[in-house]
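The values are calculated or read from the model by the stated rules, or taken from the named source; none is laboratory data. Just so it is clear, the structure is predicted and the values come from calculations on it, not from any experiment. Quick reminder, even Gly has a Cβ in these numbers, built from the backbone with ideal geometry, and neighbours come from all protein chains shown.
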Amino acid sequence: MNDSYQAVYDAVRSKISGGDIGSAVERALRDANLSHYAEMVRLTAQEAACEYMRPSVLMRPAIFIDGNQWCALYGDNLQDGVAGFGDSPALAAYGFDRAWLAKIPTPHHPDAEAREEEK
């Protein structure tokens, strides 16, 4: 065996004393605190899954420049479709997500106020 590997060999051999490789692996994993890294991988995967569920990812609106802002538009035009605007394509996509999830505002009728006051 090469002398440069002797120190590594001795260190590994000392960790696997008694031939119990399972406990040596368990001890090495515990010493390395791999549970933290596993949790980070889980959170990153969850974050990626949430991004794939965004309306702008699922519906794939057209993204283009409209005046001085970017527009993300799903539909034929602004009146019939859903649109979001922003200073960048990403901000327009987030605007689209907000618009997609927004409720349609109820129309304001002057008669409705009068009826509410009568009650």
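Before we move on, is Arg54 under 16 Å from the mean Cα position of the chain (by Cα), of a type in the set (D, E, K, R) and at pLDDT 95 or above?
The answer is yes for Arg54.
Of a type outside the set (D, E, K, R), at pLDDT below 95 and assigned to a helix (DSSP H, G or I) - does that describe any residue in the stretch 101-112?
Yes, the stretch 101-112 contains at least one residue that is of a type outside the set (D, E, K, R), at pLDDT below 95 and assigned to a helix (DSSP H, G or I).
So Lys15 passes all but one of these: (1) surrounded by 10 or more Cβ atoms within 10 Å (Cβ to Cβ); (2) at pLDDT 70 or above. Which condition number does it fail?
Looking at each condition in turn, Lys15 falls short on (2).
So which pairs qualify, if the first residue must be in the stretch 98-119 and under 30 Å from Val57 (Cβ atoms), the second must be modelled with pLDDT of 65 or more, the Cβ gap must be under 6 Å, and the two must be at least 6 apart or on different chains?
Qualifying pairs under 6 Å: Ala99/Val82; Ala99/Gly84; Trp100/Pro55; Trp100/Val82.
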